1. Simple spin-label model, 7 Å along Cα-to-Cβ: Ala202 to Asp60 in nm?
2. If the limit is 24 Å between Cα atoms, which of Lys5/Lys107; Lys5/Lys40; Lys23/Lys277; Lys277/Lys298 go over it?
3. As I understand it, the dipole of region 167-222 uses +1 on the Cβ of Lys and Arg and -1 on the Cβ of Asp and Glu, about the Cα centre. Which of Gly213, Val176, Cys192 lies farthest toward its positive end?
4. Determine the sum of side-chain charges near Asp206: Lys and Arg each +1, Asp and Glu each -1, restricted to other residues whose C-beta is under 15 angstrom from that of Asp206.
5. Before I look further, what does the chain give for accessible area per residue, probe 1.4 Å, in whole square angstrom?
6. What 222 nm value per residue comes from the helices of the chain, counting each DSSP H run with n ≥ 4 as -39,500 (n - 2.57) and dividing by all residues, nearest 500 deg cm²/dmol?
7. Give, as a single signed number, the net charge of other residues whose beta carbon lies under 13 Å from the beta carbon of Ser232, with Lys and Arg counted +1 and Asp and Glu -1.
8. Calculate what fraction, in whole %, of the accessible area of the chain sits on carbon and sulfur atoms when a 1.4 Å probe is rolled over the protein chains.
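The values are calculated or read from the model by the stated rules, or taken from the named source; none is laboratory data. This is a predicted model, so every value here is computed, not measured. Cβ: placed from backbone, ideal geometry, glycine included. Neighbour counts: every protein chain shown. For accessibility, only protein heavy atoms count, side chains too; no ligands or nucleic acids. Shrake-Rupley method; radii C 1.70, N 1.55, O 1.52, S 1.80 Å.
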Amino acid sequence: VGARKFLIAYNVNLATPDVAVAKAIAKKIRASNGGFPCVKAMGVELKARNLAQVSINLTDFETTSIGTAFEAVTREAAAAGVSVEGSEIVGLIPRQALDDAAVHFLKVENFEPGLILENRLASVLNAQARKAGPGGSGTLAATSDDAHQPRTLASLAEGFVNSVAADTPTPGGGSVAALAAALGAALGEMVCRLTLKKKSFAAHYDQLGDAVGRLEGLRRSLMEAVDRDAASYDGVIRAMRLPKTTGAEQAARSAAIDEANKLATLVPLGTAELAAKTLRLLEMLRPITMPQAASDLKVGVSLAAAGRAGSLDNVRANLPSIQDREWVSRIESRLKEGETA
């Protein structure tokens, strides 16, 4: 049993009614035929619009992005002498996927989510809300006061650190483990970017450029896990507060608690897997990065290892609370695999 990543249903409409063209393109780009990883695709006919459509499911948009899928369809369509009429999203899509698409097509260098105004505002407001505490007020006033204070590195981290120190169960060890691994990935990015400025490492530019992209993706996923971990445990608390007066209520509450505990277990398990990928990538960078940044890379390795170990500890801590022993057995098997990876 595992939790799959968010699936994006994305369709590209072709300016032709010839469904054979759409089917040929779908065959070329889908993973099952040797195309792009994490892509499922098929060609369909839109009779009402007199168009053919390449219907796509992206099962991991961080591996194959929506921008990559669109470019691939456009390229194959052009080769067949067909233009693209447009594209459509079916259902919901993570904001990160659209952010990544914009960065992809605009070729924005050194992009990071904090450059988006709404993301920066949300970060500031969340930090101020935590500073105000439960039932606190004056968030806007606090923001105004802070504007007159010199911005230090410590002040950037202070909101989260204070939240961890507060007398609330979240954010807790799972969120901290995810942040540790994210910081490890960030240090790896920094070391790669510094090394890319050195002509003496030109032979490794391709590897370093690839590593930067992979580490950036891991860092973003790990940062998302910081919030996911806290939210999953909050879900356990909500389930435990359900009524239990009648037998039916007790049964429903017990089932809800079990499901909430499963999610609270899968989240750190996913974090551990991300941290393990980060750790392996950082270890690979040792011989191809500048020696002056070796200590930074070592710190990154230590942080990724700590994030992985801490996440696995959270998984172990949650398992005894889950009643579904068959499910627990499967997770324990994954846990053993993760411990030896």
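1. Roughly 3.5 nm, to one decimal.
2. Those over the limit are Lys5/Lys107; Lys23/Lys277.
3. Cys192
4. +3
5. Computed with neighbouring chains in place, this is 55 Å² per residue.
6. -21500 deg cm²/dmol
7. Residues near Ser232 contribute -2 overall.
8. 57
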